[in-house]
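The values are calculated or read from the model by the stated rules, or taken from the named source; none is laboratory data. Only a predicted model underlies this, so the values are computations on that prediction, with no experimental measurement involved. We place every Cβ from the backbone using ideal geometry, glycine too, and count neighbours over all the protein chains shown. Each accessible area value is taken on the protein alone, full model and side chains, heavy atoms only, with ligands, DNA and RNA left out. Shrake-Rupley method; radii C 1.70, N 1.55, O 1.52, S 1.80 Å.
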Amino acid sequence: MSDRYGFWRLLREGLRGHTGWGPAWRDPEPKAEYDVIIIGGGGHGLATAYYLAKVHGITNVAVLEKGYLGGGNVGRNTTIVRSNYLHTGNELFYEKSLQLWEGLSGDLDYNVMFSPRSIINCFHTDGQRDAEARRGNQMILHGADAVLLDKEGVRREAPLIDVDNPRFPIYGGLMQKRAGTARHDAVAWGFARGADKRGVDLIQNCEVTGIDVEDGRVTGVQTSRGPIKAKKIGMAVAGNTSRVGALAGLRLPIESHVLQAFVSEGIKPMLHNVITFGAGHFYISQSDKGGLVFGASLDGYNTYAQRGNLPLIEHVMEAGVSFVPAMSKVRLLRSWGGVMDMSPDGSPIIDKTPIEGLYLNAGWCYGGFKATPGSGWCFSHLIADKPTHHIAQMRLDRFKTGRVIDELGAGAQHNLH
Amino acid sequence: MLIFCPHCGMRPSEEFTPKGLAEAPRPALGGDDRPEDDAWQDYLHTRTNKAGQTNEYFHHSLGCRRWIVVHRNTLTHEVTGSTMASEFWQNQQQAQDWEAGQ
């Protein structure tokens with residue numbers, strides 16, 4: 001029983017006035033050398049360390065975080081989890097990730113509150129319906145699940161949606177029932193606790209200020225808490241990939257953009273799915289606290305500022321009220337922006353770099369949260385020299401070779417995805 | 001956010017379409033001097049993507065429809081100037097001065 005979380009532990013602590021809970025992880029001093037260093041203590045970095053320790057038995061690992069654990073994009077997203085992709089290069093990976101989500105709370109012994117409440121992508125034209133039907137078939141071929149709803153199906157699932165919108169009438173939607181939402185902070189904390197328990201050092205307030213490269217291979221890092229040696233270094237710093245990559249002399253196919261998100265005041269249950277409005281690139285769900293959580297597209301310009309501008313907010317509100325007219329009665333509580341690691345084709349990169357021993361996990365655009373367990377799983381396999389087929393196409397050189405994974409078919413421009 | 005267009009003056013950012021960072025000149029075309037793949041890769045895909053002063057392409061799509069390069073700070077959103085895209089790469093010195101943060 002000891003330090004596992006569960007009913008008996010809760011009962012025991014309840015009877016003792018909750019005096020027996022200790023910190024969920026240690027706060028160690030950095031050692032002089034590790035087998036593997038992971039730069040970035042967000043969801044992906046912590047998941048990578050967790051799977052390195054659990055699956056590969058590599059426990060002499062440090063996760064270096066410049067701020068506090070889970071303080072980046074894993075704490076700033078709209079918590080959607082899904083695997084509804086068209087291309088093999090993406091769908092294989094995201095389906096693996098969704099399968100990990102399904103068992104994650106038990107695996108981590110930490111309730112990540114994964115709630116498979118389904119996602120519905122609405123379509124408004126015959127052409128969009130054909131595209132969604134094709135995507136649904138592709139998903140089923142890759143072992144995922146998909147259902148094509150007609151207009152009445154959408155109305156039945158979400159009665160508050162205006163399916164008869166005169167400008168963008170809703171013809172139906174592609175539904176993935178196993179998709180849903182999760183508690184974003186719990187994911188970071190659960191992975192952190194699991195990694196720490198297996199011996200991984202989680203080192204916070206430790207900014208990497210240099211990456212040491214000798215004869216084309218990494219030898220360690222310089223940090224605000226002194227130099228640390230390691231023969232293998234994994235970068236999981238989406239949002240700041242270009243800046244950390246530059247420390248090793250890399251120039252990467254990444255631009256940083258801002259994606260804004262919004263939460264309304266808490267209201268009674270009105271939406272039980274995650275639903276997207278195909279015409280406005282608008283998506284919405286309702287949190288367990290009752291707030292409507294929603295967002296839309298990028299602002300479009302390059303930025304590291306973690307905040308956007310008013311024109312995009314106006315656009316999001318217009319799309320939201322067109323889609324769910326009842327939203328016009330709801331007051332907005334807060335909005336925020338996260339820095340997105342935009343790749344030219346909108347798909348991520350998990351690959352080795354030209355520098356031996358330096359591994360790259362980047363380009364998550366705005367799909368990083370759902371990828372958290374899958375990314376950690378695949379990145380840990382890559383670092384342990386056992387790469388899996390899930391990331392076979394997520395190569396760093398794919399823009400040069402032309403083998404892009406362009407889910408949107410929009411071409412190689414960062415801000416279009 | 002307001003953006004300065006050399007042709008129209010100060011205009012609201014909604015009139016503009018951003019088209020990414022202006023970090024490498026377009027490689028020359030044609031003849032036997034076809035550019036190397038690396039030059040295209042640099043021009044199309046890879047970016048230094050600095051946090052701070054950058055040069056970025058904007059199309060004044062709801063205005064004069066000219067292409068301009070806007071000098072912006074990606075940490076503060078401050079716009080400090082702009083130039084016609086057609087003149088931007090011709091004047092490498094100016095570009096270098098801007099890179100140096102002037």
The one condition in (1) assigned to a loop (DSSP other than H, G, I, E, B); (2) surrounded by fewer than 21 Cβ atoms within 10 Å (Cβ to Cβ); (3) touching a residue at least 60 places away in the same chain (Cβ under 8 Å) that A:A305 fails to fulfil: (3)
Would you confirm whether any residue within segment A:5-19 is closer than 25 Å to A:A362 by Cβ and open to solvent by 30 Å² or more (accessible area, probe 1.4 Å)? no
Checked against (1) open to solvent by 10 Å² or more (accessible area, probe 1.4 Å); (2) over 30 Å from A:L86 (Cβ atoms), A:R178 satisfies every condition except (2)
Single residue of A:V81, A:V55 found to be β-branched (V, I, T) and open to solvent by 30 Å² or more (accessible area, probe 1.4 Å): A:V55
Sort out which residues of segment A:32-89 are part of a helix (DSSP H, G or I), touching a strand residue (DSSP E or B) at 6+ places or on another chain (Cβ under 7 Å) and farther than 22 Å from A:K229 by Cα, and write them in order of number. A:N73
Residues of segment A:360-395 classified as touching a His at 6+ places or on another chain (Cβ under 7 Å) and part of a strand (DSSP E or B), total: 2
Any residue at all in segment A:233-251 that is within 15 Å of A:G357 (Cα to Cα), assigned to a strand (DSSP E or B), at pLDDT 95 or above and in contact with a helix residue (DSSP H, G or I) (Cβ under 6 Å, 6 or more places away or on another chain)? yes
Single unsatisfied condition, A:V237 versus (1) within 14 Å of chain B (Cβ to nearest Cβ); (2) open to solvent by 30 Å² or more (accessible area, probe 1.4 Å); (3) within 30 Å of A:G106 (Cα to Cα): (2)
Picking from A:R198, A:R251, A:R225, which residue would you name as being open to solvent by 20 Å² or more (accessible area, probe 1.4 Å), touching a Ser or Thr at 6+ places or on another chain (Cβ under 7 Å) and touching a residue at least 60 places away in the same chain (Cβ under 8 Å)? A:R198
Select from segment A:281-312 the residues that are aliphatic (A, V, I, L, M) and modelled with pLDDT under 95 and list them in ascending order. A:A296, A:L298, A:A305, A:L310, A:L312
Kindly evaluate A:D397 against the criterion of being within 13 Å of chain B (Cβ to nearest Cβ) and more than 18 Å from the chain's Cα centre (by Cα). yes
Qualifying positions in segment B:7-39 - at pLDDT 80 or above, on the phi > 0 side of the Ramachandran plot and surrounded by fewer than 14 Cβ atoms within 10 Å (Cβ to Cβ): B:G9
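Return yes when B:F4 is more than 13 Å from every other protein chain (Cβ to nearest Cβ) and either out of contact with any Leu (no Cβ under 8 Å at 6 or more places or on another chain) or open to solvent by less than 30 Å² (accessible area, probe 1.4 Å) (or both) and no when it is not. Don't jump to the end; show me each part of the working.
Numbers: more than 13 Å from every other protein chain (Cβ to nearest Cβ): yes; either out of contact with any Leu (no Cβ under 8 Å at 6 or more places or on another chain) or open to solvent by less than 30 Å² (accessible area, probe 1.4 Å) (or both): yes.
Answer is yes for this residue.
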Name, by its number, the condition in (1) assigned to a helix (DSSP H, G or I); (2) of a type in the set (F, W, Y); (3) over 28 Å from A:G43 (Cα atoms) that does not hold for A:F168. (1)
When you check A:I140 against the structure, is it outside any helix (DSSP H, G or I) and of a type in the set (V, I, T), yes or no? no
Take the residues in segment A:254-281 that are open to solvent by less than 10 Å² (accessible area, probe 1.4 Å) and polar (S, T, N, Q); name whichever of them is nearest to the other protein chains (Cβ to nearest Cβ). A:S256
With A:I313, A:I211, A:I284 as the choices, which residue is β-branched (V, I, T) and within 14 Å of chain B (Cβ to nearest Cβ)? A:I313
Take A:A179 and decide whether it is touching a strand residue (DSSP E or B) at 6+ places or on another chain (Cβ under 8 Å) and of a type outside the set (V, I, T). yes
Being out of contact with any helix residue (DSSP H, G or I) (no Cβ under 6 Å at 6 or more places or on another chain) and small (G, A, S) narrows it down to one of A:G57, A:G70, so name that one. A:G57
For segment A:121-169, name all the residues that are hydrophobic (A, V, I, L, M, F, W, C), without any contact (Cβ under 8 Å) to a residue 60 or more places away in the chain and buried (at least 18 other Cβ atoms within 10 Å of the Cβ). A:M139, A:L149, A:V154, A:V163
Residue count, segment A:370-403 (criterion: open to solvent by 20 Å² or more (accessible area, probe 1.4 Å), more than 14 Å from A:D351 (Cα to Cα) and of a type outside the set (S, T, Y)): 3
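Among the residues of segment A:322-359, how many are in a helix (DSSP H, G or I), open to solvent by less than 60 Å² (accessible area, probe 1.4 Å) and not small (G, A, S)?
First, pick out the residues of segment A:322-359 that are in a helix (DSSP H, G or I): A:322-323, A:325-329.
This time we only want the ones that are open to solvent by less than 60 Å² (accessible area, probe 1.4 Å), so: A:322-323, A:325-327.
From what is left, the residues that are not small (G, A, S) are A:323, A:325, A:327.
Going through segment A:322-359 one residue at a time, the tally reaches 3.
Could you say which residue among A:A392, A:A410 is closer than 30 Å to A:Q128 by Cα and within 14 Å of chain B (Cβ to nearest Cβ)? Show your work before the answer.
On the way: A:A392 fails: within 14 Å of chain B (Cβ to nearest Cβ).
One residue alone meets the criteria, A:A410.
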Among (1) of a type in the set (A, V, I, L, M, F, W, C); (2) open to solvent by less than 50 Å² (accessible area, probe 1.4 Å); (3) part of a loop (DSSP other than H, G, I, E, B), B:L75 falls short only on (2)
Does segment A:332-339 contain any residue that is of a type in the set (G, A, S), under 29 Å from A:F168 (Cα atoms) and touching a Pro at 6+ places or on another chain (Cβ under 8 Å)? no
Of the conditions (1) within 14 Å of chain A (Cβ to nearest Cβ); (2) at pLDDT 95 or above; (3) open to solvent by less than 50 Å² (accessible area, probe 1.4 Å), B:L62 fails just one. Which one is it? (3)
